[in-house]
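> Please find one structure pasted underneath; my questions will follow.
The values are calculated or read from the model by the stated rules, or taken from the named source; none is laboratory data. Keep in mind that what you see is a predicted model, and the values were worked out from it rather than measured. Reconstructed Cβ throughout: ideal geometry from the backbone, glycine too, with neighbour counts over all protein chains shown. Side chains included, ligands, DNA and RNA excluded: accessible areas come from the protein's heavy atoms. Shrake-Rupley method; radii C 1.70, N 1.55, O 1.52, S 1.80 Å.
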6 protein chains.
Amino acid sequence: MNVVYTNIRRADAEVVNALARCGVATVHEAQGRTGLLGPALRPIYAGARIAGAAVTVSLAPADNWMIHVAVEQCQAGDVLVVAPTSYSDAGYFGELLAASLAVRGVRGLVIDAGVRDVRELTGIGFPVWSKAVHAQGTVKETLGSVNVPVVCAGGLVNPGDVVIADDDGVCIVARLEAARVLQASETREAKEATVRERLQRGELGLDIYDMRDKLAKRGLIYRPQSLAE
Amino acid sequence: MNVVYTNIRRADAEVVNALARCGVATVHEAQGRTGLLGPALRPIYAGARIAGAAVTVSLAPADNWMIHVAVEQCQAGDVLVVAPTSYSDAGYFGELLAASLAVRGVRGLVIDAGVRDVRELTGIGFPVWSKAVHAQGTVKETLGSVNVPVVCAGGLVNPGDVVIADDDGVCIVARLEAARVLQASETREAKEATVRERLQRGELGLDIYDMRDKLAKRGLIYRPQSLAE
Amino acid sequence: MNVVYTNIRRADAEVVNALARCGVATVHEAQGRTGLLGPALRPIYAGARIAGAAVTVSLAPADNWMIHVAVEQCQAGDVLVVAPTSYSDAGYFGELLAASLAVRGVRGLVIDAGVRDVRELTGIGFPVWSKAVHAQGTVKETLGSVNVPVVCAGGLVNPGDVVIADDDGVCIVARLEAARVLQASETREAKEATVRERLQRGELGLDIYDMRDKLAKRGLIYRPQSLAE
Amino acid sequence: MNVVYTNIRRADAEVVNALARCGVATVHEAQGRTGLLGPALRPIYAGARIAGAAVTVSLAPADNWMIHVAVEQCQAGDVLVVAPTSYSDAGYFGELLAASLAVRGVRGLVIDAGVRDVRELTGIGFPVWSKAVHAQGTVKETLGSVNVPVVCAGGLVNPGDVVIADDDGVCIVARLEAARVLQASETREAKEATVRERLQRGELGLDIYDMRDKLAKRGLIYRPQSLAE
Amino acid sequence: MNVVYTNIRRADAEVVNALARCGVATVHEAQGRTGLLGPALRPIYAGARIAGAAVTVSLAPADNWMIHVAVEQCQAGDVLVVAPTSYSDAGYFGELLAASLAVRGVRGLVIDAGVRDVRELTGIGFPVWSKAVHAQGTVKETLGSVNVPVVCAGGLVNPGDVVIADDDGVCIVARLEAARVLQASETREAKEATVRERLQRGELGLDIYDMRDKLAKRGLIYRPQSLAE
Amino acid sequence: MNVVYTNIRRADAEVVNALARCGVATVHEAQGRTGLLGPALRPIYAGARIAGAAVTVSLAPADNWMIHVAVEQCQAGDVLVVAPTSYSDAGYFGELLAASLAVRGVRGLVIDAGVRDVRELTGIGFPVWSKAVHAQGTVKETLGSVNVPVVCAGGLVNPGDVVIADDDGVCIVARLEAARVLQASETREAKEATVRERLQRGELGLDIYDMRDKLAKRGLIYRPQSLAE
């Protein structure tokens, strides 16, 4: 059965924006090392860092019809998340769809497939995380669904979840967890700031994290190289 | 039998240059979604967009002898297309060969293998589409052929065909089809300009492409999320 | 048995710096086409070219504990080389470890796995060659070794060896061979300068390298395309 | 938070056994082409066809501690489903764990990672679907969870779901859908039996499925090859 | 434009059958090391060795409609060759299509994509060379072409060409070259029989092929290991 | 410099044969989880389990000349280990070379590349572990070396080392470590026999390995599924 769910509940906008500032690596750690999509997803250009509410699309391989359907479900602050039902690296998305999303205030695209018009997308500053760049066209023949749970690059995404994406990849935070994860992320950032400062002064992680004892107990041996043979 | 075909027929230079302006994605669509080489071919730097007549090279894996032979067959406006007879990611091509091609007016290289001296090639602005960057040297021991049909990254390339390459990948247009494909590409561009304008004003592809009826006939259901469970 | 070898012998600093200027492709050729690590290792940003003495780390997959141990063994001019004992693309290394290495004068990281905080590493100019970018965290539970021989991306690296890394990849020069390889590299550079100049004047490699005879003896045929069918 | 959920609800045993007889391809079709895990999962030997209730394991890469924990949660008729939190092809599972599961009546293992002792597992007839065969050992240091939802080879698996596995791969049926999907599978099988018979008598799918009209309307052209050029 | 070419010219049946007896490796060598498809194509079961005339199918990714169309174009002794226009590992082909082909005397399938019902295909002895086994279903929505030239796993296949397939992979012989290649294959086989006999008596290839001189001239050095350090 | 080292020192034959009986997984564990080659190496047929002294070959990609040279260096009980200097999946080895090795008593081949004549090799029972099956021929043009250290599928192999290979892959034991590793392997086997017996009686690994306390201390929680939501 192919359904478009409308009026989805979205994570709180302020929380979403604050998560963007934290970035993928921090948020992933702060929520207990879950939610990360696979490293095959790479940004088409360096430097973008976004977060938004997920509008999800499940579609047939090499068929982008449901992306056209999904556009209407998007609103300002959303991120489109697209996953075909079997492997495809065709180019489902280009500058016309981007123009249509940009005018609605959509912040970017995460697609477990290919994208094209990279030059134009870079020109207008519409960021895409994809696993391929490929000009191969797609058809518009088979129904899929919008705003259903999808598995994208090995991770589960529910509609309305927070999508955070930057040069390190893409991380998903469950809608109802977003506020809690933001708090944990900010705590983590504060703690890292202190550690960073100490490291920059030349202190060693071995000492800051108190590792020497545990290493010795496990049996780590130090030996001058001259004694190696 | 190893042959170098000389005096190949090339696509018309003006048509070639106009195809470059259209770019890979448009040309691929305009010629009925054929001619695209595989997405493993990536540019060594972003932003180049070229077209030229193909001088093709079929060579032994990890042996670049025939590239040296092919240089002599190249003239201004050509693009060199290189395909080994089995998988190899060695570095067949570097800045010395690029210098040699550049002085003859060759516009770039498409190679279903590896390239090296990326820093220098970027510096002199000689664009390469390859499936690997690898410094691994090659030998000069085994004959191959120049200006024979080759399969490169899964696509067929005949000598004299038009090669279009940009950030989206590489597309081949048969020499005798070039004028017709250019016309179709320009028609497509004009049509896309109209659509783009409407999209940027906020119209939906669903309406512009008249999809709603077809979607309903196929059975697509719209349902508020609150009714999901 | 897990050991940290201390006080390793390092290649001479001046030789190391001169090798950096030669770059990966030249050094690899000059030492007889050996020492290259595989092309899966890519720089996180373009343009860096470094050389340094290898501090090597062998560690468990998805466990970065031994990197923290290795920091203490690093000194100015070193390059850290990290290899897990089975495949992993997790993110073993980020900006905190980079800060710690940078303050000691370490020049970069080569890791046969994943890295994260790419935006921050790019910002502070700490270059990394890795086979993935991935925010996935690692644990600190299992011992490994520091300054033992490791196989990294298919190549052998001994502690104290010279690591050269640039946009073309990563090349290793044995510590005791470094001076000899530098001399061979500089000889090669001088020779290439002459060839480059001749090529830029329009001479052909076929003539410069005296290939025409050998090609003819092997049986290469030249034939105008009009006679092809 | 790391949890082992006990006393999970399982799909009905008779339904599970009947689904095994239908096989992966039929069940996947019958439930609307959903639930399939990716083709990287391959059986270690040909010919096994099983179904069972999923006991799921989420664990750290290269760490099989939680499999030992999961054994206790397994009962006769179960299939163990194991997914690391990032890519790993280490060998998490061998004949000792298989002996332990076999004695409890577990029917097989699906693991998005590597397996070892393939010769022994084949000898005792304990089937495994994995993405690698690799002797690489794993550690027992990091907690994970048992009977939580996991993404395995790109598909979502909930504890208690039906796992069907055969030479074609692995398919998941939601616990509450199992009876309905079985009915649809058996309907499909009956229909296929009729079609098979007609095909074996020499009738064409073109006629059985009434495709000729639709093909003609879409514009398919038939042309003798002699007119091709 | 989508066309089905009918009444294609096929290679001579006796020549085809004799080529099957020679096998892929011999034929590939005998025709000058051309015509081989890529090693991603693997047989679904070991031991099959077939040859036949190619009926080719170019189709959309994840859409098997044109295979149904192609069945009607097949006759006894043919081999079906299927290539999607972009990467797909979906399961385009199963036992119903096999039944339909088998009743017409088709000898097997070569597909640059996925196949399913492997257990049943093995049971009826219908051999398939594919790059994946995957139960994922395909649609029947988009036209393609039958009996046009296709690129399959990196090699060019024209309708009516000879397809030879065995445990070593798949090799294509141009229709008009088949008789000549058969002769060369049989000559090669005879020559190999003599060499095999000499090798089995303990003679060395170094002597049979007269390599010692050439090795010495190139500079190969023999040195007892005791002198290695 | 290209050298053939002759008269290499080999591991003791009785130790080698005893290691074969232990198999790859056991030996790998017994020597501290080192020495394993990567899982890309797969046997061409199931069920072989061999061990032998390594005769190593470093050769140019797609060039098998040095294998012919290496045959003369082989003696009864050896295993040939072949590694090209950059990636290649060409077919370096077939039944003629196997015949030549078999007559000398060589036990098998490990090759980080492709093999052909799989049907014939299976027929005569000459086992091969390779990363591809591919009929693609190779040339005999470029020198390499025999009995030098090579990196094969990510692992280091020295001439004379013990190579153990079975369905789980390939493991290397240093020549001078072989006796010690055999002893450790046999100790491990004895210990595993006891564990196996207890597991087969229904005891749990959790109890046999005393894991419950450690799990509790780390914080693992057990919770009935009914309390999950």
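> Return the residues of segment D:151-193 that are among the acidic types (Asp, Glu) and either closer than 12 Å to D:Val110 by Cα or more than 11 Å from chain E (Cβ to nearest Cβ) (or both); say none if nothing qualifies.
D:Asp161, D:Asp166, D:Glu177, D:Glu186, D:Glu189
> Which of the residues spanning segment D:47-56 are facing another protein chain (nearest Cβ under 8 Å) and either under 11 Å from the mean Cα position of the chain (by Cα) or aromatic (Phe, Trp, Tyr) (or both)?
D:Arg49
> Is at least one residue of segment B:219-227 at pLDDT below 95 and among the small types (Gly, Ala, Ser)?
Within segment B:219-227, one or more residues are at pLDDT below 95 and among the small types (Gly, Ala, Ser).
> E:Arg9 - would you say it is under 19 Å from E:Ala179 (Cα atoms), more than 14 Å from chain F (Cβ to nearest Cβ) and open to solvent by 20 Å² or more (accessible area, probe 1.4 Å)? Write out each step before concluding.
Working: under 19 Å from E:Ala179 (Cα atoms): yes; more than 14 Å from chain F (Cβ to nearest Cβ): yes; open to solvent by 20 Å² or more (accessible area, probe 1.4 Å): yes.
In short, yes.
> Being within 13 Å of the chain's Cα centre (by Cα) and either open to solvent by 30 Å² or more (accessible area, probe 1.4 Å) or more than 14 Å from chain E (Cβ to nearest Cβ) (or both) is the filter here, so list the residues in segment D:12-26 that pass it.
Result: D:Val16, single match.
> Given the conditions (1) of a type in the set (A, V, I, L, M); (2) open to solvent by 10 Å² or more (accessible area, probe 1.4 Å); (3) within 14 Å of chain F (Cβ to nearest Cβ), report the number of the one that B:Val148 does not fulfil.
Going through the list (1) of a type in the set (A, V, I, L, M); (2) open to solvent by 10 Å² or more (accessible area, probe 1.4 Å); (3) within 14 Å of chain F (Cβ to nearest Cβ), B:Val148 breaks only (3).
> On to the next question. Give all pairs with beta carbons closer than 6 Å in which a residue from segment E:88-105 that is without any contact (Cβ under 8 Å) to a residue 60 or more places away in the chain and at the interface with chain D (Cβ under 9 Å from one of its Cβ atoms) meets a residue that is basic (Lys, Arg) and buried (at least 24 other Cβ atoms within 10 Å of the Cβ); count only pairs at least 6 apart in sequence or on separate chains.
Between residues of segment E:88-105 that are without any contact (Cβ under 8 Å) to a residue 60 or more places away in the chain and at the interface with chain D (Cβ under 9 Å from one of its Cβ atoms) and residues that are basic (Lys, Arg) and buried (at least 24 other Cβ atoms within 10 Å of the Cβ), the close pairs are E:Gly91/E:Arg116; E:Gly94/E:Arg116.
> Right, something else. Can you run down the residue pairs with Cβ atoms below 9 Å, 6 or more apart or on separate chains, where the first is in segment D:166-191 and under 16 Å from D:Val15 (Cβ atoms) and free of Cβ contacts under 8 Å to residues at least 60 places away in the same chain and the partner is open to solvent by less than 70 Å² (accessible area, probe 1.4 Å) and assigned to a helix (DSSP H, G or I)?
As it stands, the answer is D:Gln183/D:Ala30, since those pairs meet every condition given.
> Which members of segment C:47-64 meet the condition of being surrounded by fewer than 24 Cβ atoms within 10 Å (Cβ to Cβ) and either among the aromatic types (Phe, Trp, Tyr) or farther than 23 Å from C:Leu176 by Cα (or both)?
C:Gly47, C:Ala48, listed by residue number.
> A follow-up question, please. For segment B:27-46, enumerate the residues that are assigned to a helix (DSSP H, G or I), crowded, with 24+ Cβ neighbours inside 10 Å and within 7 Å of another protein chain (Cβ to nearest Cβ).
B:His28
> I would also like to ask the following. Restricting to strands (runs of 3 or more DSSP E) lying wholly in segment C:67-173: which have 2 or more residues that are farther than 27 Å from D:Gly114 by Cα and of a type in the set (Lys, Arg)?
none
> Could you count how many residues in segment D:57-68 are within 14 Å of chain C (Cβ to nearest Cβ) and free of Cβ contacts under 8 Å to residues at least 60 places away in the same chain?
The qualifying residues number 1.
> A follow-up question, please. If you go through segment A:192-229, how many residues are of a type in the set (S, T, N, Q), surrounded by 12 or more Cβ atoms within 10 Å (Cβ to Cβ) and under 29 Å from the mean Cα position of the chain (by Cα)? Give the steps one after another, and end with the answer.
The initial filter retains those residues of segment A:192-229 that are of a type in the set (S, T, N, Q), namely A:194, A:200, A:225-226.
Of the ones still in play, those that are also surrounded by 12 or more Cβ atoms within 10 Å (Cβ to Cβ) are A:200, A:225.
From what's left, under 29 Å from the mean Cα position of the chain (by Cα): none.
Number of matching residues: 0.
> Any idea which of (1) of a type in the set (A, V, I, L, M, F, W, C); (2) touching a Ser or Thr at 6+ places or on another chain (Cβ under 8 Å); (3) in contact (Cβ under 8 Å) with a residue 40 or more places away in the chain is the one C:Val71 doesn't satisfy?
(3)
> Picking from B:Arg201, B:Arg116, which residue would you name as being in contact (Cβ under 8 Å) with a residue 24 or more places away in the chain, of a type in the set (Lys, Arg) and out of contact with any Leu (no Cβ under 6 Å at 6 or more places or on another chain)? Let's see the steps before the verdict.
On the way: B:Arg201 fails: in contact (Cβ under 8 Å) with a residue 24 or more places away in the chain.
Sole residue among the options that is in contact (Cβ under 8 Å) with a residue 24 or more places away in the chain, of a type in the set (Lys, Arg) and out of contact with any Leu (no Cβ under 6 Å at 6 or more places or on another chain): B:Arg116.
> While we're on this one: So which residues in segment F:7-38 are hydroxyl-bearing (Ser, Thr, Tyr) and in contact with a helix residue (DSSP H, G or I) (Cβ under 7 Å, 6 or more places away or on another chain), if there are any at all?
F:Thr26
> Could you tell me how many of the residues in segment C:87-139 are of a type in the set (Gly, Ala, Ser), closer than 26 Å to F:Gly35 by Cα and open to solvent by 10 Å² or more (accessible area, probe 1.4 Å)?
Number satisfying all stated conditions: 1.
> Picking from C:Ala135, C:Ala76, which residue would you name as being in contact with a His (Cβ under 7 Å, 6 or more places away or on another chain) and either in contact (Cβ under 8 Å) with a residue 24 or more places away in the chain or within 14 Å of chain D (Cβ to nearest Cβ) (or both)?
C:Ala135
> Could I ask something else about it? Which of the residues that make up segment C:194-227 are within 9 Å of chain B (Cβ to nearest Cβ), among the basic types (Lys, Arg) and not in a strand (DSSP E or B)?
Matches in segment C:194-227: C:Arg196, C:Arg201, C:Lys214, C:Arg218.
> Only residues that are among the aliphatic types (A, V, I, L, M) and either at pLDDT below 95 or open to solvent by 20 Å² or more (accessible area, probe 1.4 Å) (or both): list them for segment A:72-86, please.
A:Ala76
> For segment B:38-63, how many residues are of a type in the set (D, E, K, R) and under 23 Å from C:Arg42 (Cβ atoms)?
Residues flagged as of a type in the set (D, E, K, R) and under 23 Å from C:Arg42 (Cβ atoms) within segment B:38-63 amount to 1.
> Additional query: Of B:Glu177, B:Glu189, which residue is in contact with a helix residue (DSSP H, G or I) (Cβ under 7 Å, 6 or more places away or on another chain), open to solvent by 30 Å² or more (accessible area, probe 1.4 Å) and of a type in the set (Asp, Glu)? Steps first, answer last, please.
On the way: B:Glu177 fails: in contact with a helix residue (DSSP H, G or I) (Cβ under 7 Å, 6 or more places away or on another chain).
Unique residue meeting the criteria: B:Glu189.
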